[in-house]
Amino acid sequence: MSRSAGIQRTLALILGLNAIVVAVKLVVALRTGNLTVLGATFESFLDAANNIIAMVVVALAARGPDDDHPYGHDKFETVGALGIVVFLSISCYELLRGAASRWMGAPAPPAPAMGEILLLASTALINVAVVLYEKREAARLKSPLLAADAAHTGGDLFVTGLAVASLLTARIGLSWTDPFLAVLVAGVIAHSGWQILRVTVPVLVDERGADAERIAAAACRVDGVTGCRLVRSRTISSGLVFADVTITVAGDVRVADSHTIADQVEDSVRAALGGTADVTVHVEPS
């Protein structure tokens, strides 16, 4: 089995487990009317959505660039991630609206049954199993994507703990804690959304991918280069940097020699950017 197929299989299994967690939490949230549990459901949905996006990314990465997408398919991931941010924004609004309604006098739901609390707590065990399995597969397949997803799923344990605490306190008559814990969960969800935006927006607006002075210095180190007139760079969600460099050479340099110099500049800039950058060099007479 190929590495990408192994990653896809791992993600598919984890998606199935996360879907079970979402379903269980949603049932408990609907039965208890607990805002914190509802927020935990939204957070688990984010885990499942991340799994789907990761599967799409792995599949598209295996295809590579084509005639219609010469720079690859990474921005499909970015668009999908922005869709998740929209969902998270709606989730935060609903949690805050529900909390405000409780504070303004809306009646609290009845005390939850112990079975509902235990059912919710069981999802934490699934999360632990997912994290341990995904970390093991990340190490075996040498996959940063799986490692990052495992870290995010681990964070879901904190939210699940808050949800269990909210049900326990409601059971002993302290239902006033629910809206406060729900606001805390909304904060966690908002932070997740911000983390997504922090990564995706720079990709969409073609923010500078590398320091221009470092690129220019790498280009000018090559013999025959008399200067750099234009340096541009951008990055995509996978971390690959695209760099365009315009260099100048002496006017009497032959075309073949100019091409050799350009190849050397590409190698020098690529090495300065970690060895994997996509570098394009334009040559002009000085």
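Summary of computed values
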{"quantity": "Restricting segment 251-269 to residues that are within 15 Å of Cys228 (Cβ to Cβ) and of a type in the set (A, V, I, L, M), the residue that is nearest to the chain's Cα centre (by Cα)", "calculated": "Val269"}
{"quantity": "Some residue of segment 233-247 being in the same structural domain as Val281 (by TED's automatic domain parsing), assigned to a helix (DSSP H, G or I) and more than 26 Å from the chain's Cα centre (by Cα)", "calculated": "no"}
{"quantity": "Residue within segment 180-191 that is outside any helix (DSSP H, G or I), in the same structural domain as Ala40 (by TED's automatic domain parsing) and under 23 Å from Ala124 (Cβ atoms) present", "calculated": "no"}
{"quantity": "Residue tally, condition in a helix (DSSP H, G or I) and surrounded by 18 or more Cβ atoms within 10 Å (Cβ to Cβ), over segment 204-226", "calculated": "4"}
{"quantity": "Options Leu11, Leu15: the member that is within 24 Å of Val185 (Cα to Cα) and under 23 Å from the mean Cα position of the chain (by Cα)", "calculated": "Leu15"}
{"quantity": "Within segment 86-101, tally of residues that are more than 17 Å from Ser44 (Cβ to Cβ) and either crowded, with 19+ Cβ neighbours inside 10 Å or not assigned by TED's automatic domain parsing to the domain that holds Asp178 (or both)", "calculated": "2"}
{"quantity": "Those residues of segment 56-79 which are surrounded by fewer than 18 Cβ atoms within 10 Å (Cβ to Cβ), touching a residue at least 24 places away in the same chain (Cβ under 8 Å) and under 27 Å from Thr41 (Cα atoms), in sequence order", "calculated": "Val56"}
{"quantity": "Matching residues, segment 102-140, being more than 16 Å from Asp178 (Cβ to Cβ), among the hydrophobic types (A, V, I, L, M, F, W, C) and buried (at least 20 other Cβ atoms within 10 Å of the Cβ)", "calculated": "Val130, Val131, Ala138"}
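Yes or no, residue by residue, for (1) surrounded by fewer than 12 Cβ atoms within 10 Å (Cβ to Cβ); (2) modelled with pLDDT under 90; (3) over 24 Å from Phe76 (Cβ atoms):
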{"site": "Cys228", "(1), (2), (3)": "no, no, yes"}
{"site": "Ile236", "(1), (2), (3)": "no, yes, no"}
{"site": "Gly251", "(1), (2), (3)": "yes, yes, yes"}
{"site": "Val281", "(1), (2), (3)": "no, no, yes"}
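The values are calculated or read from the model by the stated rules, or taken from the named source; none is laboratory data. None of the values given here were measured: they were computed from a predicted structure. Heads up, the Cβs are rebuilt from the backbone with ideal geometry, glycines too, and the neighbour counts pull from every protein chain shown.
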